[in-house]
1. Obtain the nm distance between the two label points defined at ASN181 and ALA252 by a simple spin-label model: each point lies 7 Å from its Cα along the Cα-to-C-beta direction.
2. If the only charges are +1 at each Lys and Arg Cβ and -1 at each Asp and Glu Cβ, what is the size of the charge dipole of the stretch 266-329 around the Cα centre, to the nearest 20 debye?
3. Determine the shape class of the stretch 146-243: with a ≥ b ≥ c the square roots of the Cα gyration tensor eigenvalues, call it rounded for a/c under 1.5, and otherwise prolate if a/b is greater than b/c, oblate otherwise.
4. I'd like the FRET efficiency for VAL319 and SER240, computed as 1/(1 + (r/R0)^6) with the beta carbon distance as r and R0 of 41 Å, rounded to 0.05.
5. Could you please rank ILE13, ILE328, placing first whichever residue has the fewest other Cβ atoms within 10 Å of its Cβ?
6. Could you list VAL124, VAL303 in order of exposure, starting from the residue whose Cβ has the fewest other Cβ atoms within 10 Å?
7. Under unit Cβ charges (Lys, Arg +1; Asp, Glu -1), what dipole magnitude, rounded to 20 debye, does the chain have relative to its Cα centre?
8. So how tilted is helix 152-165 from the main axis of the chain? Cα-based, degrees 0 to 90, rounded to 10.
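Throughout, read-outs are computed from the coordinates displayed, never taken from laboratory work. Keep in mind that this is a model prediction, so the values were computed, not measured. Cβ coordinates were reconstructed from backbone atoms using ideal geometry, including for glycine residues, and neighbour counts include every protein chain displayed.
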Amino acid sequence: MNELVPQIGDERIDTLPVVRAALDDINMDAVTQHVALATENDRYDGRVTTPVPFLREMRCVVDVDGRPTPTLAGLLVFGYRPQAFLEHTDIALAHFAGTRPDLVTETLHFRRYGGTLTQQIDEVERYLWSNTRRSISTDNGPQREERPAYPRKALRELTANAVTHRDYNLPGARTQISMFNDRIEWRSPGGLPAGITEENILFSGSRARNPTIAQLLYQSGYIEAFGMGLPTVISLLKQSDLPPLGMRDTGASFVVTVRGPEAPNVLTLTPARRTLLELARRQRSITLEQAMQASSERARRTVQADLKYLVENHFLRVVGQSRDRRYIIAEEAEY
C-alpha cells in the first residue's frame, strides 16, 4: 500500500495503481458478470461489454510504464485476493456479550472478513443479521410476529457505506464493526472528508471519497443513488421505532451507531440530563462544577447522579482523576 502514497494529488486514491499487481490478479469472469448485471438493471449503459475495455473505462486498470496495472478500486471489487496487496482493506468484526468492549471475557465472535468488497458486505451482513435478537409481537392481532431488533436493510446499507467511504490511504487502519447486546457500531477510518460535518452530512449531497468504488458498488446494486445511504437508514430506524442514528466524527474515524429498541437514547433522557449532554457537546468537556452551574436549582447529589447515569449509559466518558475529572462525549453517543 505504501507505493500509493507518493502519487496522491487530488485526495482520490481509488484509481491509483497498485504497482505490485498485474492483470492476472483480476477475476475477468467477475468483471463480465458485473457488466451484464449492471446493464440488465439499467445501472450501466452497456457501451463496453468486454472485461479489459470496461476496466480501463472505469479506471480499474491503468498503464504504468506501458504495463496494464490494476488500481485500488479494480483490486477491491474484482481482485482474486485483494488483501495480498492491500492488507488493511478487510473488515474486523467483534461481537461482545455486554455493552462495552471487554477483553477479560472471551468475545462471542471475532474475525477479519476479507475478499472483495462485495464479499465482505455479504458475509458481514449475514453474520449481523443471523445474530440480531428477535422478539415476538402480537400487536397486529393474534398471529405471533417475529420482530428483529434492527432492520436487515440498515445493516447492509451501513456496512456498504463504511467500506465505500473510508480512507484507504491509512495503512494499518481497517474498517471495524462492533456488535454489543444493545447496539452495533461501524467505524470507518479517516473521519469525514473536508467540508462535511456531523451537522451537514445529510444535506451535503453526493461527495464520495472513493467515487470509482461508489460507482462500481452502485452498478452491482450494493448501494443506491449517491448520498441516499444515511437518509435511507434514518427512515428505516424511524419506521421500526428505534432510537435515532448516532453519528460522530472523531477525526481519526467516522463512527455510526444503531441502537436496539431497549437501549437508552437521547429522546428518552430527562430534560436535565439532555441539558448536561448538550453542554458537554458544545464545550467538548464539562466538570462537575460546570454541570452544577447549568443546574443551579438542583442538589449536587442529583447532578452527580445524572452524570453517573450518562456515563453508565455511554453518553459521556470520564477523563482525569479527582479534581481534574472531566466529562466528554462518548464516541458511541448519538445526537
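1. With each label point 7 Å from Cα toward Cβ, the separation is 2.8 nm.
2. Details: 13 positive and 6 negative charges, 21 e Å.
Charge dipole of the stretch 266-329: 100 debye, to the nearest 20.
3. On the way: a/c = 1.59, a/b = 1.37, b/c = 1.16.
Since a/c reaches 1.5 and a/b is larger than b/c, the shape of the stretch 146-243 is classed as prolate.
4. Numbers: r = 34 Å, r/R0 = 0.84.
It comes out at approximately 0.75.
5. On the way: ILE13 22, ILE328 17.
Going from sparsest to densest Cβ surroundings: ILE328, ILE13.
6. Values: VAL124 24, VAL303 20.
Lowest to highest Cβ neighbour count: VAL303, VAL124.
7. Numbers: 41 positive and 42 negative charges, 241 e Å.
The calculated dipole for the chain is roughly 1160 debye.
8. So the helix axis and the longest Cα principal axis differ by about 70 degrees.
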